[in-house]
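Below: the structure, in structure tokens.
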Amino acid sequence: RKEVEQDPGPFNVPEGATVAFNCTYSNSASQSFFWYRQDCRKEPKLLMSVYSSGNEDGRFTAQLNRASQYISLLIRDSKLSDSATYLCVVRQGGKLIFGQGTELSVKP
Amino acid sequence: GAVVSQHPSRVICKSGTSVKIECRSLDFQATTMFWYRQFPKQSLMLMATSNEGSKATYEQGVEKDKFLINHASLTLSTLTVTSAHPEDSSFYICSATAGTGVDGYTFGSGTRLTVV
């Protein structure tokens with residue numbers, strides 16, 4: 001079993017759609033949780049950290065359920081510029097462990 | 001903000017030769033640096049963790065004699081791919097942290113290695 005698993009994707013959605021990404025992690029001792037965004041052939045960039053209380057940043061909302069070891073990311077009113085691969089990431093013992101990523105393509 | 005410079009961004013080498021990739025923290029002291037490899041359509045896989053002045057810790061399945069990591073200073077870590085083979089062709093990315101704060105991981109821009 002992979003340490004961090006995500007929806008396989010790809011997701012193809014029209015502009016303005018709401019998109020949900022799901023992620024589960026296997027190690028209950030994981031300490032911190034993040035969503036990263038990676039554009040083609042570029043390095044990953046931190047999108048947002050994820051907290052148990054849930055957190056929102058503009059059109060982006062992240063949720064964490066420690067009991068079920070589940071993380072989610074919701075993008076509302078998607079834009080063409082949101083097209084990228086979204087990576088679910090957990091921190092374990094100082095190391096970042098990446099999920100395989102879910103590709104999102106937003107079409108006009 | 002924190003900046004990590006990684007060079008070269010792209011390199012093509014012949015089979016059997018060695019390639020060195022540099023990762024520099026420009027405006028902070030990186031106590032720990034991480035090296036990742038990413039194959040097409042796959043996620044970043046951690047290869048090794050290096051702390052300044054000590055030997056790198058390699059992940060299971062990563063050959064330490066093939067992927068030499070040196071972290072001689074708080075601002076520089078290097079990854080040398082020795083005796084490169086075509087299957088080593090990949091996207092290599094470094095990440096550095098000063099160890100402060102849960103969001104304190106900065107990534108280099110990556111190196112695309114092609115072995116011919």
remark   = Pairs returned, first residue in the range A:18-36 that is within 12 Å of another protein chain (Cβ to nearest Cβ) and free of Cβ contacts under 8 Å to residues at least 40 places away in the same chain, second residue that is surrounded by 13 or more Cβ atoms within 10 Å (Cβ to Cβ) and part of a strand (DSSP E or B), beta-carbon separation under 6 angstrom, 6 or more apart or interchain, are none
query = Out of (1) modelled with pLDDT of 90 or more; (2) crowded, with 18+ Cβ neighbours inside 10 Å; (3) away from chain A (no Cβ under 14 Å), the odd one out for B:W35 is which?
reply = (3)
query = Since A:R91 meets every condition but one in (1) at the interface with another protein chain (Cβ under 10 Å from one of its Cβ atoms); (2) surrounded by 21 or more Cβ atoms within 10 Å (Cβ to Cβ), which condition does it not meet?
reply = (2)
ask   = Going by the conditions given, is B:L79 away from chain A (no Cβ under 12 Å), closer than 20 Å to A:I97 by Cβ and not in a loop (DSSP other than H, G, I, E, B)?
value = yes
key: Flag for A:P108 being surrounded by fewer than 17 Cβ atoms within 10 Å (Cβ to Cβ), in contact with a helix residue (DSSP H, G or I) (Cβ under 7 Å, 6 or more places away or on another chain) and more than 9 Å from chain B (Cβ to nearest Cβ)   = yes
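Filter the range A:40-80 for residues that are within 14 Å of chain B (Cβ to nearest Cβ) and either of a type in the set (D, E) or surrounded by 14 or more Cβ atoms within 10 Å (Cβ to Cβ) (or both) and give the result.
Taking the range A:40-80 as the starting set, the residues that turn out to be within 14 Å of chain B (Cβ to nearest Cβ) are A:40-52, A:55, A:57, A:62, A:64.
Result: A:K42, A:E43, A:P44, A:L46, A:L47, A:M48, A:S49, A:V50, A:N55, A:D57, A:A62, A:L64.
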request  = Among what's in the range B:3-32 and is over 21 Å from A:R41 (Cα atoms) and within 12 Å of chain A (Cβ to nearest Cβ), pick the residue that is surrounded by the fewest Cβ atoms within 10 Å (Cβ to Cβ).
outcome  = B:T31
inquiry  = Against the conditions (1) away from chain A (no Cβ under 11 Å); (2) surrounded by 19 or more Cβ atoms within 10 Å (Cβ to Cβ), where does B:E52 fall short? Just the number, please.
reply    = (2)
remark   = Scanning the range A:54-85 residue by residue, those among the small types (G, A, S) and more than 23 Å from A:S30 (Cα to Cα) turn out to be A:G58, A:S78, A:S81, A:S83, A:A84
ask   = Which condition number does A:A17 fail, the rest of (1) modelled with pLDDT under 95; (2) surrounded by 15 or more Cβ atoms within 10 Å (Cβ to Cβ) being met?
value = (1)
request  = Among the strands (runs of 3 or more DSSP E) lying completely within the range A:38-108, list those that include at least 1 residues that are free of Cβ contacts under 8 Å to residues at least 12 places away in the same chain and basic (K, R).
outcome  = A:45-50, A:95-98
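The values are calculated or read from the model by the stated rules, or taken from the named source; none is laboratory data. Bear in mind the structure is a predicted one, so any value in this text is a computation, not a measurement. Virtual Cβ from ideal backbone geometry, glycine too; neighbours counted across all protein chains shown.
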